[in-house]
Amino acid sequence: MKSRKLGSAGLEVSAIGYGAMGAHIGYGASDVEGAAKTVHRAYELGVTLFDTAEMYGWGENEKFLGKAVHGFRDDIKIATKFGFVQDPTGGWNMELNSTPENIRKVAEASLVRLGVDHIDLFYQHRPDPNVPIEDVAGTVGDLIQEGKVGYFGMSEVGENLLRRANAVRQVSALQTEYSIFERDAEVLFPVLAELGIGFVPYSPLGRGFLTGQTKPAAEYDQTDIRSMDPRWQPGNYEKNLDAVQKLSALAQAKGGTVAQLALAWLLAQGENIVPIPGTRNANRVAENAGAAEFDLNAEDLAAISEILPKGGFGARYIKEFMPEWD
Ligand SMILES: NC(=O)c1ccc[n+]([C@@H]2O[C@H](COP(=O)([O-])OP(=O)(O)OC[C@H]3O[C@@H](n4cnc5c(N)ncnc54)[C@H](OP(=O)(O)O)[C@@H]3O)[C@@H](O)[C@H]2O)c1
């Protein structure tokens with residue numbers, strides 16, 4: 001597996017990472033056993049960046065990941081996130097809390113749940129409008145000084161917050177949704193280059209749409225985010241399916257799969273980019289890791305642009321959950 005630098009502070013990881021969220025939330029029934037086998041397979045394939053968050057199962061996903069990587073923890077980098085507060089009703093109406101006290105509290109709890117003595121990459125999951133970003137960057141900076149955290153990351157922020165945070169503590173990675181379907185993040189590429197910040201596209205397979213293995217929204221149960229995702233709703237779904245079929249034909253003509261083409265497309269958008277596809281299936285993780293060797297030439301990139309010049313059809317979140325960048 002090739003490696004890539006994430007930002008200018010020294011973090012280096014495999015070109016393709018792994019997202020652990022689906023083991024507990026987002027994609028229907030959890031499959032912890034399948035996901036543990038998948039994490040092991042990912043490591044054998046050379047994957048060295050493993051992504052989780054406090055919010056994924058409220059600690060359960062961190063506990064799972066810490067256990068799964070226990071035998072090879074020192075060979076890999078673990079990323080986790082702070083900043084959401086659990087909805088007391090168990091729903092999705094979560095508040096935000098990035099006070100210095102809460103960041104420290106989550107860091108200590110994450111260390112215990114992961115069973116590690118440091119978190120390699122600590123992201124703010126979403127900005128907190130009640131806490132100046134300088135205080136957030138300062139607190140994570142203190143945790144770095146204390147050796148509890150390796151590098152600072154941010155998720156779903158715009159240029160203003162990136163600049164302000166980076167002025168206090170070097171930001172190593174921005175994590176935002178980005179894929180052949182979702183191009184909004186491209187407006188931030190110049191500032192990421194200027195400030196030496198790496199980019200980690202989340203949901204790089206368009207939440208699974210860009211694998212061809214999908215079905216209409218109504219066929220998913222309500223615990224699956226795709227049941228409400230605008231891209232799966234009638235009207236958008238058919239257009240997205242048509243585009244993915246065209247992308248699949250392109251991938252097959254080059255001896256690969258559409259998932260590999262989608263990940264290789266991301267790698268081709270910049271040397272500072274490390275996607276973190278999520279799967280609970282060991283065969284699929286091998287397919288996804290194979291994207292690091294799936295080269296796309298200028299002609300392939302042009303053909304992809306022709307199929308989806310501006311991304312897929314439908315927003316990436318319903319209105320209530322759509323992040324607003326500052
Ligand atoms: N910062 C944030 O706010 C944020 C938000 C969302 C996600 N994330 C992170 O990003 C990671 C990845 O995003 P994601 O999981 O939402 O979306 P994704 O990686 O785009 O897609 C995941 C979906 O694709 C399926 N899949 C993966 N590889 C496949 C393959 N080769 N063939 C067929 N199906 C495949 C998975 O199903 P199976 O598991 O059944 O294979 C799952 O349903 C997460 O795990 C999480 O760590 C961060």
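The modelled label-to-label distance for the pair GLU44/ASP135, using points 7 Å beyond Cα in the direction of Cβ, is 4.8 nm.
Peptides 262-274, 94-106 ranked from most to least packed by the mean count of surrounding Cβ atoms within 10 Å: 262-274, 94-106. When the GluC sites (Glu not before Pro) in the stretch 1-75 are filtered for DSSP coil states and for at most 12 other beta-carbon atoms within 10 Å of their beta-carbon, no site remains. Using the alpha carbons alone, the radius of gyration of the stretch 119-269 stands to its Kirkwood radius in an Rg to Rh ratio of 1.06. Listed by chain and number, the lysines whose alpha-carbon sits under 28 Å from that of LYS239, ignoring those within fewer than 8 places in the same chain, are LYS215, LYS254, LYS310, LYS319.
For LYS67, a cut-off of 30 angstrom between C-alpha atoms picks up these lysines, skipping any fewer than 8 places away in its own chain: LYS2, LYS5, LYS37, LYS77, LYS81, LYS105, LYS148.
Start at zero, step by 10 Å, and the Cα-Cα distances of the stretch 246-326 spread as 16, 41, 33, 10, 0 percent across the bins. Which loop-located GluC sites (Glu not before Pro) does the stretch 144-212 contain, where loop means any DSSP state but H, G, I, E or B and the Cβ has at most 16 other Cβ atoms within 10 Å? The qualifying sites are GLU146. With the gyration tensor restricted to C-alpha atoms of the chain, the semi-axes of the equivalent ellipsoid amount to 29, 21, 21 Å, longest first.
No lab work stands behind these numbers, since they all come straight from the coordinates. Since the structure is predicted, the reported quantities are computational estimates derived from the model, not experimental observations. We place every Cβ from the backbone using ideal geometry, glycine too, and count neighbours over all the protein chains shown.
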